[in-house]
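Data block below; observations after.
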Amino acid sequence: MKKVVFENEHRKKHFDFFSGMNHPHFNLTANLDVTAFLIFAKRRALPINFSLVYVLSRAANEIKEFRWRIRDKEIVEHETVQPSFTVPTDEADVFSFCTVPYDRKAMTFITEAKKVQEAMRSNPSIEDDPGRDDYLFMSAIPWVSFTSVQHAMHYHPHDSVPRISWGKFFEQSGKQLMPVAMQAHHALVDGRHMGRYFELLQKFLAEPSAYFMA
């Protein structure tokens, strides 16, 4: 982890401008083509949910702005950020958070995710570890092909952890599509970074063998 200091005056003003807002987050939702990804996962007998968490996390980890977090009035950059995603439990009809250490190797990540989920089924938790902000908060909404999402979060002090959601697959023009929503703090993430995230994510989904087998 390292401290981020803006040398560019306009970038400083951008940070100050959005940091002063009561609601500094913005959300972008887009439908992504998951046709090749689903075919690949089925042939390899890969768990769809964990595989999606891996791809969504990898795209975020490869863009430094999504690894930035605000602490007081300073910014830190984490080397990696860890997906904390929703999973069902045996205790109730509400979810538990399942936090898995990010690993760039897909199969290593998926193996660990299976272990953590099993532990969470009977011992659910929705609490974050005190003092940690190296998360990506993620949630699957597999019942709805949504067009937008609004997340619960702390506004004071500002929570700078990005939120990522994905929804129900649907067919359009012979392709399988999936809605993905990304919510991020505008003082850290701008439209260009958000666009880069979706471009990179679509690349990973279109060429899964190049990333899952590496």
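The values are calculated or read from the model by the stated rules, or taken from the named source; none is laboratory data. Computed from a predicted model, the values in this text were never measured in an experiment. No Cβ is skipped: glycine too gets one built from the backbone with ideal geometry, and neighbour counts run over all protein chains shown. Just so you know, the surface numbers come from the protein's heavy atoms only, side chains and all, with ligands and any DNA or RNA stripped out. Shrake-Rupley method; radii C 1.70, N 1.55, O 1.52, S 1.80 Å.
In table form, for the structure just shown:
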{"read-out": "Candidate set: the range 15-42, residues that are at pLDDT below 95 and assigned to a helix (DSSP H, G or I); chosen: the one most open to solvent (accessible area, probe 1.4 Å)", "value": "Phe17"}
{"read-out": "Selected residue (only one of Phe26, Phe50, Phe40 is closer than 18 Å to Val149 by Cβ and of a type outside the set (Val, Ile, Thr))", "value": "Phe26"}
{"read-out": "Odd one out for Leu56 among (1) surrounded by 19 or more Cβ atoms within 10 Å (Cβ to Cβ); (2) in a loop (DSSP other than H, G, I, E, B)", "value": "(2)"}
{"read-out": "Subset of the range 164-176 (residues that are part of a strand (DSSP E or B) and open to solvent by 20 Å² or more (accessible area, probe 1.4 Å))", "value": "Phe170, Glu171, Gln172, Lys175, Gln176"}
{"read-out": "Given (1) modelled with pLDDT of 95 or more; (2) surrounded by fewer than 20 Cβ atoms within 10 Å (Cβ to Cβ); (3) not acidic (Asp, Glu), number of the condition Tyr197 does not satisfy", "value": "(2)"}
{"read-out": "Set Asn31, Asn61, Asn27: member being of a type outside the set (Gly, Ala, Ser), under 22 Å from Ala184 (Cβ atoms), touching a residue at least 12 places away in the same chain (Cβ under 8 Å) and touching a Lys or Arg at 6+ places or on another chain (Cβ under 7 Å)", "value": "Asn61"}
{"read-out": "Enumeration of residues in the range 1-19 that are more than 11 Å from His186 (Cβ to Cβ) and of a type outside the set (Asp, Glu)", "value": "Met1, Lys2, Lys3, Val4, Val5, Phe6, Asn8, His10, Arg11, Lys12, Lys13"}
{"read-out": "Subset of the range 130-175 that is within 17 Å of Met194 (Cβ to Cβ) and of a type in the set (Phe, Trp, Tyr) - its residue that is nearest to the chain's Cα centre (by Cα)", "value": "Phe137"}
{"read-out": "Among the candidates Val189, Val180, residue that is closer than 17 Å to Ala59 by Cβ, touching an Asp or Glu at 6+ places or on another chain (Cβ under 6 Å) and open to solvent by less than 80 Å² (accessible area, probe 1.4 Å)", "value": "Val189"}
{"read-out": "Of all residues in the range 62-78 being in contact with a helix residue (DSSP H, G or I) (Cβ under 8 Å, 6 or more places away or on another chain) and part of a helix (DSSP H, G or I), the one that is least open to solvent (accessible area, probe 1.4 Å)", "value": "Phe66"}
{"read-out": "Odd one out for Val149 among (1) part of a loop (DSSP other than H, G, I, E, B); (2) surrounded by fewer than 19 Cβ atoms within 10 Å (Cβ to Cβ)", "value": "(2)"}
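Quick grid of which residues meet (1) buried (at least 19 other Cβ atoms within 10 Å of the Cβ); (2) in a strand (DSSP E or B); (3) modelled with pLDDT under 95; (4) among the charged types (D, E, K, R):
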position: Ser51; (1), (2), (3), (4): yes, no, no, no
position: Ala60; (1), (2), (3), (4): yes, no, no, no
position: Thr80; (1), (2), (3), (4): no, no, no, no
position: Val94; (1), (2), (3), (4): no, no, yes, no
